[in-house]
Amino acid sequence: MKTPWMLGLLAGLATSTAWAQPNPALLGSKGAFIADVLRQMTLDEKIGQLRLISFGPLMPAPKLAEEVAAGRVGGSFGVVSRPEQRPLQEAATQRSRMKIPLLFAYDVVHGHRTTFPIGLGLASSWDLEAVRLSARVAAQEASADGIDFTFAPTVDIARDPRWGRTSEGFGEDPYLVSQMARAMVKGFQNDSAAKPDSLMASVKHFALYGAVEGGRDYNIVDMSPMRMYNDYLPPYRAAIDAGSGGVMLALNAVNGVPAAANTWLLQDLLRKDWGFKGVTVSDHGAIAELLHHGVARDEAEAAKLAIKAGVDMSMADELYIKELPGLVKSGQVSEAEIDNAVREVLGAKYDMGLFRNPFLRIGKTEDDPAELKADSRLHRAPARDVARKSMVLLENRNRTLPLRKTGTIALVGPLADSQVDILGAWSAQGVPALAVTLRQGMAAAIGDKARLLFARGANVTEDRSIVDYMNYPNGEAQEIVQDGRMPQEMIDEAVAAAKQADVVVAAVGESRGMSHESSSRTRLDLPESQQALLKALKATGKPLVLVLMNGRPLTLGWEKANADAMLETWFAGTEGGNAIADVLFGDANPSGKLPISLPRSVGQIPTYYNFPRLGRPFTPGKPGNYTSQYFDEPQGALYPFGYGLSYTEFTLSNLVLSSRKLRKGRTLEASVRVKNSGDRAGDAVVQLYIQDVVASVVRPVKELKGFRKLLLQPGETQVVRFPIGETMLSFYNQQLKRVAEPGTFNVQVGLDSRDVLQESFELLP
């Protein structure tokens, strides 16, 4: 029996609990609602909202639930099943004093249960609807697993393919990457992050992460403000303008100041200049790493630098909860600064719809999927379609492709039957056992119409140190499993298969871990084991088709000279094997275009197409002495930006400008005729480039400013029109002012960045 004293205590607690929680009556006004919640919170509860952690060996689920109930956690990442999330959300909304819901985050980068092509593959499609669709499907699948928030899209401009995370992003060009950024954000958020099948996007890595020196991950970035504004910042801005609710910070320093302590980056640029109103999130452990950077003398100073710079949520470190209470008490950090960060975290949760329904994406127990990894949960058809569009045909001598579904085909190579590798890095919850390999895809395509021989031929590499490096993060679940046979034995087996075949298909490239975070390379050629295999196959005299699987540009000089056909497939995802087979056998016509230049050698890097104009440029056909060039190999990329072949032929003609004069505030039109002069239907990607002939500062030799992808039937001709206005001609000058300077501009239209038609006009004062 309860005593009067106990009853009084319980009544008091009930009253306190009823008061100290979000007020549903204010939900119609975001500002008023957040202000009311913030007013009721203790300092410790506020700091708890800034903590983004996951459970693991150091934080088992029961301990995490207790931390949540105590108001010491704002969100969790890596919890990807509703039965695991539900008790945590119950702890937040039923057991904590403030009843503030948790947010659940995850790296949904290029798919979730269904894995789509990696970022470079998506960008190779030059198909914004396909890219949006990939993000839409990923959002539907991830939200069905209770995820609210994704650390994506990755929009870092990458011009040094030695950087392993080149695979995550969309290539080298500011315009193309910006277009991809918008499409991904729209796909994830679907006009509102509060919809139950939407995710809130968090664009990353802010900023300039792809420009790390030497392509070495986590390295410094030192860059002029003009290059920053013109080349590297636009994709982040595009994602934010598209509505991205979050921004994830980079792990690198930007001009001497780490991103996690960079007040100019997070306050002046992001919030004041760009007007960003969302939540910022540190990358994993980035605040603690301020000590390693040498800008913080101790943990307290690291926490102080981060909160004052504008880092709202701290991912995977303890410094905020450990140090901020003392910093506030000593007056080094104001509670108003804490409030600013908490306001953004609460605002993000509001925008995700979590205050209206904390279980919006978690749902009811009875609706949980019977099996998380069931094949029935996948979206195979869109994955296959998008993967087809992501492939770039680099070579096709004597119409080696498409293959005929007759005779005997030898399929060889260490990547031909690898379910793990075809998914690519950061494949979220993609299940290797459900992925379709090239071997499986080709076998399904030919059925009993032809004979398919298979031989591994080689390991991805015989370098034990590389294998150990790739396998180390995975513990016992080793990704690279070596064939224990002697290399020559495997080559002999492959050669024997080749000699029986009418054509040889070799699947070569990288294991997925070789193009991943922290996987920087000093060499970009195929590993020696695979080179030896290809040379042996070439010696058979049989037609040789290379299927490349890789997450970055490779140096392919020998391959270009010796392969009869070469198809760049990147890492194509869950339906990769079927999609590659569709292209190889001609059931789909390749339409992909390179979003990044392929260099001839590592020594040539960087090899981006839109390089600044020079005082002593190399001119093809003229002596190279005393010009900007390497004298020991041909100039320019092996394959240029925007390049890609088709099984049909396209021709461009009759580039016409509607006017030779353009007044400010007006537009003119560039039109060009594109014809399918081949014998089958295909998609042409018509690309618009502009060159500023004379400017107040050095400008690029050309810049992509538009593109159109269109399906043409054999013999069909269409006129493609591009409007050109003042905004398209503008850039940031030395004073970092956006200007369009009067003068002459060259308009270039082509099917890649190198082979173009050109006309000129003048922008009038």
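Details
- Residue that is surrounded by the fewest Cβ atoms within 10 Å (Cβ to Cβ), among those in region 526-538 that are without any contact (Cβ under 8 Å) to a residue 40 or more places away in the chain and assigned to a helix (DSSP H, G or I): 535
- Here residue 614 passes the criteria (1) surrounded by fewer than 16 Cβ atoms within 10 Å (Cβ to Cβ); (2) farther than 27 Å from residue 707 by Cα; (3) of a type in the set (A, V, I, L, M, F, W, C); (4) outside the structural domain of residue 511 (by TED's automatic domain parsing) except the one numbered (2).
- Residues of region 311-324 satisfying the condition of being modelled with pLDDT of 95 or more and out of contact with any Lys or Arg (no Cβ under 7 Å at 6 or more places or on another chain): 311, 312, 313, 315, 319, 322, 323, 324
- Any hit, region 202-218, residues being surrounded by fewer than 18 Cβ atoms within 10 Å (Cβ to Cβ) and in a helix (DSSP H, G or I): yes
- For residue 339, the conditions (1) in the same structural domain as residue 450 (by TED's automatic domain parsing); (2) more than 30 Å from residue 492 (Cα to Cα); (3) surrounded by fewer than 21 Cβ atoms within 10 Å (Cβ to Cβ) are fulfilled apart from (1).
- Count - residues of region 227-255 that are part of a loop (DSSP other than H, G, I, E, B) and within 23 Å of residue 697 (Cβ to Cβ): 2
- Note on region 494-514: residues that are more than 21 Å from residue 481 (Cβ to Cβ), charged (D, E, K, R) and outside any helix (DSSP H, G or I) total 1.
- Applying a threshold of 9 Å to beta carbon distances and a minimum spacing of six or more residues, or different chains, the list of pairs starting in region 417-440 at a residue that is assigned by TED's automatic domain parsing to the domain that holds residue 164 and ending at one that is among the acidic types (Asp, Glu) is empty.
- Of the residues making up region 473-525, those that are β-branched (Val, Ile, Thr), surrounded by 13 or more Cβ atoms within 10 Å (Cβ to Cβ) and either under 19 Å from residue 218 (Cα atoms) or at pLDDT 95 or above (or both) are 491, 495, 503, 504, 505, 508.
- Among the residues of region 368-386, those identified as over 16 Å from residue 142 (Cβ atoms) and more than 21 Å from the chain's Cα centre (by Cα) are 370, 371, 375, 376, 381.
- Pairing each residue of region 302-331 that is farther than 13 Å from residue 49 by Cβ and assigned by TED's automatic domain parsing to the domain that holds residue 43 with any residue that is acidic (Asp, Glu) and surrounded by 23 or more Cβ atoms within 10 Å (Cβ to Cβ), provided the two are 6+ apart or on different chains, yields C-beta distances under 6 Å for 303/323.
- Selected residue (only one of 113, 72 is more than 21 Å from the chain's Cα centre (by Cα) and in the same structural domain as residue 49 (by TED's automatic domain parsing)): 72
- Test for residue 134: is it part of a helix (DSSP H, G or I), more than 16 Å from the chain's Cα centre (by Cα) and either among the small types (Gly, Ala, Ser) or in the same structural domain as residue 421 (by TED's automatic domain parsing) (or both): no
- When region 346-380 is filtered for residues that are without any contact (Cβ under 8 Å) to a residue 24 or more places away in the chain and not in a loop (DSSP other than H, G, I, E, B), the ones remaining, listed by number, are 366, 367, 376.
- Residue count for region 320-345 satisfying the condition of being assigned to a helix (DSSP H, G or I) and over 27 Å from the mean Cα position of the chain (by Cα): 18.
- Verdict on residue 263 being within 23 Å of the chain's Cα centre (by Cα) and assigned by TED's automatic domain parsing to the domain that holds residue 106: no
- Filtered residue count, region 696-713, keeping only those that are over 12 Å from residue 175 (Cα atoms) and either at pLDDT below 95 or part of a strand (DSSP E or B) (or both): 6
- Of the residues making up region 402-418, just one is more than 15 Å from residue 443 (Cα to Cα) and surrounded by fewer than 24 Cβ atoms within 10 Å (Cβ to Cβ), namely 402.
- Scan of region 541-562 for residues that are surrounded by fewer than 18 Cβ atoms within 10 Å (Cβ to Cβ) and either in the same structural domain as residue 163 (by TED's automatic domain parsing) or in contact (Cβ under 8 Å) with a residue 40 or more places away in the chain (or both), ordered by number: 557, 560
The values are calculated or read from the model by the stated rules, or taken from the named source; none is laboratory data. Note that the coordinates shown come from a computational prediction; the quantities given were computed from them, not determined experimentally. No Cβ is skipped: glycine too gets one built from the backbone with ideal geometry, and neighbour counts run over all protein chains shown.
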